[in-house]
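Taking it in order: structure first as structure tokens, then the write-up.
The values are calculated or read from the model by the stated rules, or taken from the named source; none is laboratory data. If you're wondering where the values come from, they're calculated on a predicted model, not measured in any experiment. Cβ coordinates were reconstructed from backbone atoms using ideal geometry, including for glycine residues, and neighbour counts include every protein chain displayed. These accessible areas exclude ligands, DNA and RNA; they are computed on the full protein's heavy atoms, side chains included. Shrake-Rupley method; radii C 1.70, N 1.55, O 1.52, S 1.80 Å.
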Amino acid sequence: MKKIILSSILVFLLADVNSQSVFVDFESYDLPEESFLNGADNPGGFTTNLLSFSNVYNPNYDFWYGWAISNVTDTITPGFTNQYSSIAGGGVDGSKHFAVSYDILGENIISLDPLIQGRGTVELYISNATFPYLSMRDGDGFAKKFGGEDGNDPDFFSLTIRKYLDGNISQDSVVIYLADYRFEDNDLDYILDDWTYVNLHPLGKVDSLSFVLNSSDVGNYGINTPAYFCVDNISVNIPLSTESEKLSPIKVYPNPALHTIQIDQLPVGNKTLTLYNAMGQKMTMLKTNNRTIAINLQDYQSGTYYLNILSSQGVNQFTFFKSEHQ
Amino acid sequence: MVACCNENKQILNQHNQNILSLPNNWYIKSNGPGGVSTLSLRGGSSSQNNTFWNDVPINNPMLGLNDLTLLPLGIIESLTISKSGNTGSKGQGSLSGSVSINTHDPDPAIAELTLMYGSFGHKQINLQTDLEFGKIKWQSKLFILDADNDFSYALNGGSDQKLNSNADFNSKGTIQTLSFRPNTKHTLELNYWWQKTDRGIPPLSTQTTSLARQYDDQQRVNFVWRYLDNNFKLYNSFAYIDEHNDYADPQIMLNANNQFKRWYHHVELKKNLGEFSFALQNQSSYAMGKSDSYSDQNTLKSVSPMISIGKQFRRTRTQFILRKEWSNLTDAPISPTLIINTDYSNGLSSSFKLSKEYRLPTLNELFWRPGGNSDIRPESGWNQELTIGYKPSIVYFEIGLYHRLINDWILWTLNDGSFFFAVENITQVRSYGTDITLKAHKKYNTIDITTHFNYAYTRSFSEMSINAPSIEKGQQLIYIPEHTATANIQADFSNSSLSFLLSYTGAVRGINEMVEDYLIANIYLDHTLNFHRHKVKAGLAINNLLGSDYRIVERRPMPGRHFNLFIKTSFN
């Protein structure tokens, strides 16, 4: 079993202090060099605390679809044996880790934790995976080289992102062309070869995001272009309600903690406190109207813990270490 | 057996070294020179016809089909193509027809050497020797074929050209026949066919490069015992086939190794009693496939007994055949066949066939992981054929009509919620159409003129709509042309022969796009010089004389005008 240390979610106050941001960059996945997690060790997918990436892995056929976490850097090898690398050779800005999406059912989804569902808007980075990039550039035994035989075919490979909110999918969408050969001037044709910032704020607040690939290269068996893309640096921006609530007064102590962790100066009203361990497993969840509360840690092993506090002010996260000794 | 309709025997010579150059309106789905070529007869799929060598089915049981490109036409004497449901007489897999290969030269020289040279680096050597030691005859055939197939082709019909690269085809092999005839009644025959082929897989026209290669290593051994005594015949044949079919693509780091072994026994007894004829036959087969993608279970065993009764009524000959096959995984339906052949006066004849046809699943359809389905049922259905022939004088006219409805059509399909294509009995496919043949032969002084015209109209479609693969109800199945036609004229004179062939294939639906119709013209010329016991024949074939830019399979270009020269020397 590979050792998995889940990514921390960095919750911080932005400079303009109008919102808080949940940021996922997958860098805390301590993967060995040139490796990936495709569900073989972690069936069902990944939860980086507040964002969930589902996948399906079939051990009989070593086959997967959905989301994988990867640090594979091979941008040379074509074909399905190289399905876990981004054409950028890594994550955004040279970071190591990123997520790979392989879609065979027509839609892949990133789900937000109920704690933040419907509370924030999203921005992220998208890249072509190496497999479709090289397939579109050079063609292969199944998929055509984009532009076709003479380079004039108006081919495209696009990613349509919609939001789910309250169980409904939005009509509005953001479309990213991972490759676009529809220009009159063939010199303008392109296949994305680096990470591209995608602003999803126009979609508004989301419960989850839907990702659907489309291609001009379609045959009787569906899309021929390999249905992969990569995602990194996902930010969920959660606006604060009033100016007076911009700064969190919450105190979480002691750190390291021994038997209990004390939380004081909680905001007024209903609060939900959720404690996760470093593996992303939910340890406990409490609901309270009180301004102060203590959580008993005696049954928990020593290590890093994440405490999410959902209140009318939004989401706050605190990281602390549970120690065995004083 | 009663001969039935739509049989066409193609005598091969050095002209028609290209399977596509045969004057017959069969449809061959060729991926280009050296590429895989498969046969479709009367709207059937490539796994719904069988190829036989000495009555031994040589289709690959893993794929269910035979790659015609691997047939060494230089050492094959003839091909007999039967466009007729033949399950009753030939066994499973001959649902839409069959091809019989004859590799034994009945009138051999002591030695024959053929050298060929052609466009795109085509070089070929065929050597045949025949020795006789009393009651023992030994016929030996060897061949070596090498071709680069590096032709240029137009991109999208425009002026830009692209070179067909990584398309080399290298094949060598031998067919050995040892026969022993101790008396007039008994014949023992041992046949051995070994062939090794290494070929590049060129890039598609929409692909920049390809480094893929395919290796085929085939060994076939066949022992036959024939007994003939007045009205009684015994045919007893054992065969063992061992074939490797490996595919490697270093670009995508793929190595796929496949192997099958097949043990086959065919026994047949025939007896004529006055106006009656009786036949008993049994085919036993044990096929075992090996692949990285197979589970442990990988064998298909079957026995298939058949009984046949024929009766002659004045001008009418009838035959009733009943076949039943059992296998370890799936039982085929009882397959009856009724044939009624009638010769009327004035050269008119008719042939009617009503038959239940079936095809057992292939090993891949049964065992491939993922998606193979060992619970799959055989494809089966009723077939009706009517052929009318008319030969008033030098002209022969034949029209064949057929209708076939196959249930439990086997398809790789993507079910709702599934993440891989899986084998299912998913639909019903109806095929119907007509084949028209017109032949004429006339002698003008010393010139023999033979003309041959074929036309086929074929409809073949699913009776229901399917999502994946996308098939609409009533829509013509992919790679089944509605219209095909060939016209051939040949003149033989003074040890020379001149032949001209026009071949038209209508547009077909491909997997991704339509493939346009095309017209191909080929011309052949040869001349023979006789020197006592020594004979020299030289010839030239020009293929695609019109320089047509065409594809048979989408994204797989075919060569423009190209030629082959040959010289054949015989010693008697």
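Hey, got the dipole for the protein assembly as shown? About the Cα centre, +1 on K and R Cβ, -1 on D and E Cβ, debye to the nearest 20?
Values: 71 positive and 88 negative charges, 868 e Å.
Computed charge dipole of the protein assembly as shown: roughly 4180 debye.
Any idea how far the Cα center of the stretch A:150-189 sits from the one of the stretch A:261-292, in Å?
Cα centroid of the stretch A:150-189 versus Cα centroid of the stretch A:261-292: 42 Å apart.
Helix-only mean residue ellipticity at 222 nm, chain A, DSSP H runs n ≥ 4 weighted -39,500 (n - 2.57), per residue, nearest 500. What is it? It would help to have the intermediate numbers written out before the result.
Working: 1 runs with 9 residues, N = 326.
Value at 222 nm, helices only, nearest 500: -1000 deg cm²/dmol.
Taking the Cα centre of the stretch A:243-322 as origin, work out the dipole magnitude from +1 charges on Lys and Arg Cβ and -1 charges on Asp and Glu Cβ, in debye rounded to 20.
80
For peptide A:131-143, what's the mean number of Cβ atoms from other chains within 10 Å of each residue's Cβ? Present the calculation step by step, with values, prior to reporting the outcome.
Working: counts 1, 0, 0, 3, 1, 0, 1, 7, 9, 11, 11, 4, 4.
Mean shielding count: 4.
Treat every Asp and Glu Cβ in the stretch B:117-171 as -1 and every Lys and Arg Cβ as +1, leave all other atoms uncharged, and give the resulting dipole magnitude about the Cα centre to the nearest 20 debye. Numbers along the way, then the final one.
Values: 5 positive and 7 negative charges, 64 e Å.
My answer is approximately 300 debye.
Give me the percent relative contact order of chain B, please, defined on Cα pairs under 8 angstrom at least 6 residues apart.
On the way: 1678 pairs, mean separation 65.5, N = 572.
In percent, rounded to a whole number, it is 11.
At a 10 angstrom cut-off on C-beta neighbours, averaged per residue, how do the peptides A:299-309, B:198-208, B:337-347 rank from highest to lowest?
Values: A:299-309: 17.1, B:198-208: 21.2, B:337-347: 15.5.
Those peptides, ordered most packed to least, come out B:198-208, A:299-309, B:337-347.
I need the shape label for the stretch B:456-572. Rule: rounded when a/c is under 1.5, else prolate if a/b > b/c, else oblate, with a, b, c from the alpha carbon gyration tensor.
Values: a/c = 3.28, a/b = 2.89, b/c = 1.13.
Prolate.
Straight-line reach from B:Lys196: which aspartates and glutamates have a Cα under 16 Å away, not including same-chain ones fewer than 8 places off?
Candidates past the 8-residue exclusion: B:Asp67, B:Asp146, B:Asp168, B:Asp216, B:Asp217, B:Asp242, B:Glu243, B:Asp246.
Could you tell me the center-to-center distance, by alpha carbons, between the stretch B:493-508 and the stretch B:232-251 in angstrom?
Between the Cα centre of the stretch B:493-508 and that of the stretch B:232-251, the gap is 33 Å.
Of the options B:Ala279, B:Ser82, B:Gly121, report the single residue whose Cα projects farthest towards the positive end of the charge dipole of chain B (beta-carbon charges: Lys, Arg +1; Asp, Glu -1).
In chain B, that residue is B:Ala279.
Which of these, A:Asp93, A:Asp187, A:Asp264, has the largest mean-square fluctuation under a Gaussian network model of chain A (Cα springs below 10 Å)?
Evaluated over chain A, the most mobile residue of the options is A:Asp187.
For the stretch A:146-231, what ratio Rg/Rh do Cα atoms give with a Kirkwood hydrodynamic radius? Provide the component values of the computation, followed by the final result.
On the way: Rg = 14.8 Å, Rh = 14.4 Å.
Expressed as Rg/Rh, it is 1.03.
Explain nothing, just the number: relative contact order of the stretch A:19-239, from Cα pairs under 8 Å at least 6 residues apart, as a whole percent. Mind dumping the intermediate values first?
Details: 563 pairs, mean separation 59.9, N = 221.
Relative contact order for the stretch A:19-239 comes out at 27 percent.
Once the stretch B:327-477 is represented by equal point scatterers at the alpha-carbon sites, with solvent omitted, what log10 I(q)/I(0) does the Debye formula produce at q = 0.14, 0.15 Å⁻¹?
Debye output, listed in q order: -0.83, -0.89.
Go from 0 up to the bin containing the longest alpha carbon distance in chain B, width 10 Å each, and give me the % of pairs per bin.
The distribution over chain B is 3, 16, 27, 30, 19, 5, 1, 0, given as percents.
Enter the buried accessible area of the B/A pair, total of both sides, probe 1.4 Å, in Å² rounded to the nearest 100. Write out the running numbers ahead of the final one.
Working: alone 25280 and 15200 Å², together 38000 Å².
Buried surface at the B/A interface: approximately 2500 Å².
What pairs in B:Lys311/B:Lys353; A:Lys144/B:Lys162; B:Lys83/B:Lys443; B:Lys271/B:Lys324; B:Lys391/B:Lys443; B:Lys233/B:Lys356 have C-alpha atoms more than 23 Å from each other? Show your work: numbers first, answer last.
Values: B:Lys311/B:Lys353 15 Å; A:Lys144/B:Lys162 16 Å; B:Lys83/B:Lys443 30 Å; B:Lys271/B:Lys324 21 Å; B:Lys391/B:Lys443 17 Å; B:Lys233/B:Lys356 27 Å.
Pairs exceeding 23 Å: B:Lys83/B:Lys443; B:Lys233/B:Lys356.
Taking the Cβ of B:Phe180 as the centre, find all other residues whose Cβ is under 14 Å away and add up their charges (Lys, Arg: +1; Asp, Glu: -1). Numbers along the way, then the final one.
Values: positive: B:Lys135, B:Lys137, B:Arg181, B:Lys185, B:Arg226; negative: B:Glu132, B:Glu189.
That sum, taken over residues with Cβ under 14 Å, equals +3.
If each DSSP helix of 4+ residues adds -39,500 (n - 2.57) and the sum is divided by the residues in chain B, what number results at 222 nm, nearest 500 deg cm²/dmol?
Working: 2 runs with 9 residues, N = 572.
Calculated mean residue ellipticity at 222 nm is -500 deg cm²/dmol.
Given a 1.4 Å probe and every protein chain left where it sits, what share in percent of the accessible area of the protein assembly as shown is carbon and sulfur?
Accessible surface attributable to carbon and sulfur in the protein assembly as shown totals 55 percent.
Just A:Phe63, A:Phe211, A:Phe156 to compare: in a GNM of chain A, with alpha carbon springs under 10 Å, which one fluctuates most?
Sorting by GNM fluctuation, first place goes to A:Phe63.
Please compute the net charge surrounding B:Ser462, taking Lys and Arg as +1 and Asp and Glu as -1 over other residues with Cβ under 9 Å from its Cβ.
Details: positive: B:Arg430, B:Lys473; negative: B:Glu463, B:Glu472.
Every neighbour counted, the sum reads 0.
Quick one: net charge around B:Thr299, please, counting Lys, Arg +1 and Asp, Glu -1 for every other residue with C-beta under 12 Å from its C-beta. Write down the numbers at each step before the final one.
Values: positive: B:Lys261, B:Arg262, B:Lys290, B:Lys301; negative: B:Asp296.
So the environment of B:Thr299 carries a net charge of +3.
On average, how many beta carbons from a partner chain sit within 10 Å of the beta carbon of a residue in A:57-66? Walk me through the numbers on the way to the answer.
Working: counts 0, 3, 0, 3, 6, 0, 4, 1, 2, 1.
Other-chain Cβ atoms within 10 Å of each residue's Cβ, averaged: 2.
Hey, what does the equivalent ellipsoid look like for the stretch B:270-324, semi-axes from the Cα gyration tensor as sqrt of 5 times each eigenvalue, largest first, whole Å? Could the numbers behind the result be given before it?
Values: eigenvalues 318, 19, 9 Å².
So the three semi-axes of the stretch B:270-324 are 40, 10, 7 Å.
For Cα pairs less than 8 Å apart in space and 6+ apart in sequence, what is the mean separation divided by the residue count of the stretch B:80-119, i.e. the relative contact order in percent? Please report the intermediate quantities before stating the final value.
Working: 29 pairs, mean separation 13.2, N = 40.
The normalised contact order for the stretch B:80-119 reaches 33 percent.
Send over the per residue convex hull volume for the stretch B:406-529, Cα only, as a whole number of Å³.
On the way: hull volume 17.2 nm³, N = 124.
Once divided by residue count, the hull of the stretch B:406-529 is 139 Å³.
Please enumerate, by chain and number, the lysines with C-alpha under 16 Å from the C-alpha of B:Lys135, excluding those fewer than 8 residues away in the same chain.
List returned: B:Lys185.
So what is the accessible area of the stretch B:424-572 per residue, in Å², with the probe set to 1.4 Å? Spell out each step's value before the answer.
Numbers: 7020 Å² over 149 residues.
Each residue of the stretch B:424-572 exposes 47 Å² on average to a 1.4 Å probe.
Send over the semi-axes of the stretch B:95-172's equivalent ellipsoid, whole angstrom and largest first, taken as the square roots of 5 times the C-alpha gyration tensor eigenvalues.
Details: eigenvalues 290, 64, 17 Å².
Calculated on Cα positions only, the semi-axes equal 38, 18, 9 Å.
Using Stokes-Einstein with the Kirkwood hydrodynamic radius over Cα pairs, what translational diffusion coefficient do you get for the stretch A:19-239 at 20 °C and a viscosity of 1.002 mPa s, in µm²/s rounded to a whole number? Let's see the in-between values first.
On the way: Rh = 17.7 Å.
Once the numbers are plugged in, D ends up at 121 µm²/s.
Please state the Cα pair-distance histogram of the protein assembly as shown with 10 angstrom bins from zero: what percent is in each bin?
Bins of 10 Å from zero give 2, 10, 17, 20, 16, 11, 9, 7, 4, 2, 1, 0 percent of pairs.
Run the reach check for A:Lys251 against lysines, Cα to Cα strictly under 29 Å, same-chain hits fewer than 8 apart removed. What comes back?
Cα-Cα hits under 29 Å: A:Lys205, A:Lys271, A:Lys282, A:Lys287, A:Lys322.
If you project the alpha carbons of the stretch A:243-322 onto their three principal axes, what span does each projection cover, largest first, in Å?
So the three principal-axis extents are 38, 21, 19 Å.
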